[in-house]
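The values are calculated or read from the model by the stated rules, or taken from the named source; none is laboratory data. If you're wondering where the values come from, they're calculated on a predicted model, not measured in any experiment. Cβ placement follows ideal geometry from the backbone for every residue including glycine, while neighbour counts extend to all protein chains displayed.
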Amino acid sequence: MTHPALVPGSVAVITGGASGIGLAAAKRFVATGIRVCIADIGAERIDKALREIAEVKGAGVEQVAGLETDVSKPEDLARLHQFVRNRWGRVDVLMNNAGIQPGSSIFDQQGTWDRVLAVNLGGAVLGTREFVPAMLAAGRPGVVINTGSKQGITTPPGDPAYNVSKAGLKVFTEALQHELRNTPGCQISAHLLIPGFVFTELTAHGRSEKPPAAWTPGQTVDFMLERLNAGDFYILCPDNDVPRALDERRILWAATDLVENRPPLSRWHPDYAPAFAQFAQIAPSGPIT
Ligand SMILES: NC(=O)c1ccc[n+]([C@@H]2O[C@H](COP(=O)([O-])OP(=O)(O)OC[C@H]3O[C@@H](n4cnc5c(N)ncnc54)[C@H](O)[C@@H]3O)[C@@H](O)[C@H]2O)c1
């Protein structure tokens, strides 16, 4: 089955669409006949991405557009919405995907916290609030994809601002889907994309070769489309190092810190690390190899 919004002629807006996962999504969408507007920062980056998208087999000149947009600014998102409506009349697919990961610590400068929260969490909240009311009013099938992270679920130590932003985005997207499914006549579904390790500008850290553990952005988007078409809300992507069974154990362990009254982040606590290591070996479907 194909998601009813992911069909030729639909209109998609992808934030952070000039590189990585967003750019790969733009290419896949265009290849299936969806019209795509990428929103990102930096005119040159957008132009370069548009040239790449135009090379996709079957891509028509009228099928792609781009607009400089800072997702942390409501006025930029309003301008983006107007731009797409002027061009194509509506939006059917919203991918709130823009993200940054500059690194952070608890007592980091306030600006780091402000920026990470404003882009990763604020950008998706603002994007949803800007676009979804008009999508609802149109009464057509629609889809909202918010790009979260495993770091927002298992919250490993080392980058608290990023983890908080992605944990907030998970909660927001869950609430959004609850709202949509309880709205009479609504044909829009929301989904949380949870990539594994994907080789992009965000994770390259100076590397030009994809590490063996990472997936490509294209692999990630292929998996996303397969799971969207299957109707999954949580699109939990594996990578070449971490199979789904191991993710499940990590997620379960994190959730049971509270239930078992263990210290937070006990997976990284010396007193509990051995118990976690043993727990992680016992996958529901057998030992993890
Ligand atoms: N790469 C991974 O392993 C990984 C894992 C989990 C989650 N993610 C998430 O996937 C999403 C896409 O990241 P990616 O890995 O493709 O990285 P990327 O750096 O290639 O893409 C992110 C894009 O967001 C854009 N962007 C940054 N700030 C913006 C702003 N204020 N307004 C508009 N655009 C902005 C960047 O210019 C860039 O083009 C992010 O939300 C990221 O947190 C990535």
Problem set entry | Set 241, 232, 222: member being farther than 23 Å from residue 12 by Cβ and either away from the ligand (no atom under 14 Å from the Cβ) or not in a helix (DSSP H, G or I) (or both) | 241
Exercise. Of (1) in contact (Cβ under 8 Å) with a residue 24 or more places away in the chain; (2) under 30 Å from residue 139 (Cβ atoms), residue 182 satisfies all except one. Which?
Worked result: (1)
Exercise. Before we move on, is residue 29 in the same structural domain as residue 95 (by TED's automatic domain parsing), hydrophobic (A, V, I, L, M, F, W, C) and under 17 Å from the mean Cα position of the chain (by Cα)?
Worked result: yes
For this session: Quick one: in region 19-36, of everything that is farther than 18 Å from residue 87 by Cβ, within 16 Å of the ligand (Cβ to nearest atom) and not charged (D, E, K, R), which residue is surrounded by the fewest Cβ atoms within 10 Å (Cβ to Cβ)?
Result: 19
Seminar exercise, completed: When restricted to 90, 85, 79, the only residue more than 10 Å from the ligand (Cβ to nearest atom), closer than 19 Å to residue 134 by Cα and in a loop (DSSP other than H, G, I, E, B) is 90
Seminar exercise, completed: Checked region 191-209 for anything within 11 Å of the ligand (Cβ to nearest atom), part of a loop (DSSP other than H, G, I, E, B) and either charged (D, E, K, R) or touching a residue at least 60 places away in the same chain (Cβ under 8 Å) (or both); matches are 195, 200
For this session: Taking only region 151-171 into account, find how many residues are surrounded by 19 or more Cβ atoms within 10 Å (Cβ to Cβ), closer than 25 Å to residue 133 by Cβ and out of contact with any strand residue (DSSP E or B) (no Cβ under 7 Å at 6 or more places or on another chain).
Result: 2
Problem set entry | Restricting region 37-58 to residues that are assigned to a helix (DSSP H, G or I) and either on the phi > 0 side of the Ramachandran plot or among the β-branched types (Val, Ile, Thr) (or both), the residue that is farthest from the ligand (Cβ to nearest atom) | 53
Exercise. Looking at this structure, is residue 170 closer than 25 Å to residue 244 by Cα, over 15 Å from the mean Cα position of the chain (by Cα) and either among the acidic types (Asp, Glu) or within 12 Å of the ligand (Cβ to nearest atom) (or both)?
Worked result: no
For this session: Output the qualifying pairs, or none if there are none: Cβ atoms under 7 angstrom, residues six or more apart or on different chains, first residue in region 214-237 and closer than 18 Å to residue 32 by Cβ, second residue within 11 Å of the ligand (Cβ to nearest atom) and part of a loop (DSSP other than H, G, I, E, B).
Result: 217/200; 220/195; 220/237; 223/237
Exercise. Is there a residue in region 179-190 that is in the same structural domain as residue 117 (by TED's automatic domain parsing), surrounded by 12 or more Cβ atoms within 10 Å (Cβ to Cβ), in a loop (DSSP other than H, G, I, E, B) and within 12 Å of the ligand (Cβ to nearest atom)?
Worked result: no
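Only one of these is more than 12 Å from residue 14 (Cα to Cα) and in contact with a strand residue (DSSP E or B) (Cβ under 7 Å, 6 or more places away or on another chain): 50, 67, 80. Name it. Don't jump to the end; show me each part of the working.
Details: 67 fails: more than 12 Å from residue 14 (Cα to Cα); 80 fails: more than 12 Å from residue 14 (Cα to Cα).
One residue alone meets the criteria, 50.
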